[in-house]
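My questions all concern the structure below.
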Amino acid sequence: MWQHEIIDTYTQELELFSIWMKNKGMTAATQRAYLSDTQHFLHMVHPKALDQVGKLDMVRFMSACREKGAGDEARNRKLSSLRSFYKALIELEALSVNPAALIAKSKQEKGRIPVYLEEDELEQLVSAIGGKYYERNLAIMLLMCYAGLRVGEVHRLDLQHFHSDGSLHILGKGRKWRVVPLPAPLQEVLRRAMETRKAPGQLKEQAMFVSQFGRRLSIRMIQTVADETIGLMKEKLPELVGKKISSHKLRHSFATLQIRSGTDIRTLQELMGHASIATTQIYTHIDNKQLQNAMNNIAGKMKVGSRKA
């Protein structure tokens with residue numbers, strides 16, 4: 001396969017990139033995606049040396065991605081991958097110029113409404129949880145639905161991250177910590193999950209959620225727990241069959257609940273672990289119920305007389 005040739009040609013550069021991403025605390029999924037994007041780019045410019053690759057090569061690659069059907073979001077991610085690749089090599093003194101930095105990102109449609117579940121749908125989701133590892137899976141699902149945790153954050157949780165005051169210390173994106181004070185019902189669920197936690201295969205294993213083999217529950221397995229529960233919920237609510245719901249959409253649902261409860265945008269930013277408030281602001285636009293209530297508020301003030309015959 002062409003990947004083997006690319007890895008052979010650019011072995012040192014790809015190894016340096018991998019080391020750099022690990023040191024930055026990027027998730028395994030992000031590392032795989034960035035490496036895949038980078039390898040596709042290197043395949044196009046092969047066998048050029050990287051110090052001979054310039055802006056024109058970048059433009060050609062992005063144009064080729066568009067021709068193959070990649071949308072704005074996908075192309076922007078590929079560009080982010082390449083910017084990071086060159087940034088890594090510059091920081092590690094393997095290159096001196098970043099041609100990807102010269103390319104502007106594609107303008108994306110603004111205000112796109114995220115997919116989320118309504119409150120009654122979340123209740124149906126929780127009621128669909130069952131099986132041998134009920135307490136563990138219930139805690140996992142509630143942390144995503146009602147505490148806004150990402151899958152990777154659930155995966156990284158250790159026992160000591162749950163404190164006696166009921167707060168959860170979460171290691172988020174960019175290796176940044178945040179503290180979320182859990183509501184009492186969620187605290188109780190988490191304590192039960194920890195009490196019924198399977199004995200780990202190794203004494204040093206401190207993961208909060210472990211597999212049937214006593215090892216830290218993988219990101220893929222956490223996604224599987226969510227996907228299977230969502231599937232059971234859809235059996236009860238056939239109107240949701242065509243709705244794309246994933247573990248990350250549960251985080252959107254949490255943000256929606258917070259906005260409806262009157263949480264201010266700055267507080268929500270802290271709870272979500274967003275680096276930029278611009279990322280959080282999209283949730284102020286997704287609640288059609290609030291828009292309807294706002295319009296209903298003036299309905300009684302409208303003086304519209306009927307037409308006289």
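The values are calculated or read from the model by the stated rules, or taken from the named source; none is laboratory data. Computed from a prediction, not measured in an experiment: that's the story for all the values here. Cβ atoms come from the backbone with ideal geometry, glycine included; neighbour counts cover every protein chain shown. With ligands, DNA and RNA removed, areas are computed over all heavy atoms of the protein, side chains included. Shrake-Rupley method; radii C 1.70, N 1.55, O 1.52, S 1.80 Å.
In the chain, carbon and sulfur make up what percent of the accessible area (probe 1.4 Å)?
So the carbon and sulfur contribution to the accessible surface is 52 percent.
Sorting check: for 256-264, 199-207, which peptide has the highest mean count of neighbouring beta carbons within 10 Å, and how do the rest follow?
For the peptides 256-264, 199-207, the packing ranking is 256-264, 199-207.
What shape does the range 119-289 have by the C-alpha gyration tensor, where a ≥ b ≥ c are the square roots of the eigenvalues, rounded means a/c under 1.5, and otherwise prolate means a/b greater than b/c and oblate the rest?
Taking the square roots of the gyration eigenvalues as a ≥ b ≥ c, the range 119-289 is oblate.
Please report, for the Cα atoms of the range 119-166, the Rg to one decimal and the Dmax as a whole number; what are they, in angstrom?
Computed over the Cα atoms of the range 119-166, radius of gyration and Dmax are 11.8, 33 Å.
Quick check for the range 18-112: number of Lys pairs with alpha-carbon distance under 17 Å, counting only pairs 8 or more apart or on different chains?
Eligible lysine pairs with Cα atoms under 17 Å apart amount to 10.
Assuming 0.36 nm per residue, please report the length gained on full extension of the stretch L159 to K204 beyond their Cα-Cα distance.
In short, 15.1 nm is gained.
How big is the Kirkwood radius of the range 1-92, worked out from every pair of different alpha carbons and given in Å to one decimal?
On the way: mean 1/r = 0.0742 Å⁻¹.
After inverting the mean inverse Cα-Cα distance, the result is 13.5 Å.
In addition: So what is the accessible area of the chain per residue, in Å², with the probe set to 1.4 Å? Could the numbers behind the result be given before it?
Values: 17880 Å² over 309 residues.
Dividing the accessible area of the chain by its residue count gives 58 Å².
On full extension of the chain, what length is gained from S96 through S18, given 0.36 nm per residue of separation minus the C-alpha to C-alpha distance?
Between S96 and S18, full extension yields 26.2 nm more.
Further, regarding this structure: Could you state the number of Å between the C-alpha centres of the range 211-226 and the range 61-106?
33
Any idea what the alpha-carbon Rg over 2.2 N^0.38 Å comes to for the chain?
Numbers: Rg = 23.6 Å, N = 309, 2.2 N^0.38 = 19.4 Å.
Scaled against compact globular proteins, the figure is 1.22.
Then there is this: At a Förster distance of 22 Å, what's the computed FRET efficiency of L56 paired with A104, Cβ-Cβ distance as r, to 0.05? Each step should come with its number before you reach the end.
Working: r = 15 Å, r/R0 = 0.67.
That pair, L56 with A104, gives E of 0.90.
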